Amino acid sequence: MSPSRPSLRDAVGLVLRGSVAFVLVAALLFGIGFLGFAFVVAASEEPADPRADAIVALTGGRDRVAEAIDLLAAGRGRRLLISGVHPTTRAVDIQKMTDSDREVFSCCIDLGRMAQSTAGNAEEAAEWVKAHGFTSLIVVTSAYHMPRSLLELDRALPDVRKVPFAVARPDLNLSTWYLHPATAKLLFGEYVKYIVARFAHQAPLIAPTRVALGGERGR
């Protein structure tokens, strides 16, 4: 007696079960990846002795720029690029906002106004670094933004040494992010952007928005 052939219903059931299993495994891996990402961000610490040829600050918040200017004033780098500055924001506005020395601005700070995304920040920084012949760079941005920033900068400047200087706003409560829905949501959104940038190289297409200093949107 010959074995019975599988029916169409059996075949469809097999495909459905395989699809469900694939989705569940993918969701599990995605969740594990997010937890790893979140805890790495939460554990970010300022380097003990950051030094490099130059400094780049990726705009998106006053704290990032203020920290970068403090590093420059302390002699941690010779020059600073503030990347992604809004077209209407003047150097004097940033100087007043950060309560920094006007002479530092006139001698050693450049404003980049073309970048509209993290990938754009990397391209803007790459042109600036190559123009000045720098070989090392302190990267100043928010802690949750640092992984994607380094990813894009490594693509644009593979031969330049990067020193990450992560800025963590106290109100984000990164150390206990899992207890704060708003922070968890912020981290999850940034993780999705990081995954897209890592595997699809299409991060600028997600939501490219230009921000003025003082905001955290878009970067």
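With +1 on each Lys and Arg Cβ and -1 on each Asp and Glu Cβ, how big is the dipole of the stretch 1-87 about its Cα centre, in debye rounded to the nearest 20?
Dipole size: approximately 460 debye.
Starting from the Cα of ALA27, step 7 Å along the direction of its Cβ; do the same at PHE199; then give the gap between the two resulting points in nm.
Between ALA27 and PHE199, the simple spin-label model gives 1.6 nm.
How tilted is helix 118-132 with respect to the longest principal axis of the chain? Cα atoms for both, answer in degrees (0 to 90, nearest 10).
40
With angles folded into 0 to 90 degrees, how steeply does helix 8-42 sit against the dominant principal axis of the chain? Use alpha carbons for both and round to 10.
20
Semi-axes of the equivalent ellipsoid for the stretch 27-105, please: Cα gyration tensor eigenvalues, times 5, square-rooted, ordered largest first, whole Å.
31, 17, 10
Please find, in a Gaussian network model of the chain (springs between Cα atoms separated by less than 10 Å), the residue of ALA27, ALA143, ALA42 whose mean-square fluctuation is greatest.
Looking only at ALA27, ALA143, ALA42, the biggest GNM fluctuation is shown by ALA27.
So for the stretch 76-201, averaging the separation of alpha carbon pairs under 8 Å that are six or more residues apart and normalising by length, what relative contact order in percent results?
21
Just ASP171, ASP159, ASP99 to compare: in a GNM of the chain, with alpha carbon springs under 10 Å, which one fluctuates most?
ASP171
Only Lys, Arg, Asp and Glu count, each charged at its Cβ (+1, +1, -1, -1), so figure out the dipole size of the chain about its Cα centre, rounded to 20 debye.
Roughly 740 debye for the chain.
Using only Cα atoms, tell me the angle between helix 181-199 and the longest principal axis of the chain; keep it within 0 to 90° and round to the nearest 10.
So the inclination is approximately 80 degrees.
Among 113-121, 28-36, how do they line up by average Cβ neighbours within 10 Å per residue, starting with the highest?
113-121, 28-36
Can you figure out the FRET efficiency of ARG102 with ASN173, using R₀ = 35 Å and their beta-carbon distance, to the nearest 0.05?
Given R0 = 35 Å and the Cβ-Cβ separation, E is 0.50.
Give me the Å³ per residue figure for the convex hull around the C-alpha atoms of the stretch 5-144.
Here the figure is 176 Å³ per residue.
Taking the C-alpha atoms of the stretch 79-127, how large are the radius of gyration and the largest Cα-Cα span, Dmax, in Å?
Taking only Cα atoms of the stretch 79-127, I get Rg and Dmax of 11.1, 31 Å.
So what's the back-of-envelope 222 nm ellipticity for the chain, counting only DSSP H runs of four-plus at -39500 (n - 2.57) apiece and dividing by all residues, rounded to 500?
It lands at -16000 deg cm²/dmol.
Relative to 2.2 N^0.38 Å, what does the C-alpha radius of gyration of the stretch 74-209 come to as a ratio? Two decimals please.
Normalised Cα radius of gyration, the stretch 74-209: 1.12.
Rule-based calculations on the coordinates, nothing more; no lab input. Only a predicted model underlies this, so the values are computations on that prediction, with no experimental measurement involved. Here the Cβ is made from the backbone with ideal geometry for all residues, glycine too, and neighbour counts use every protein chain on show.
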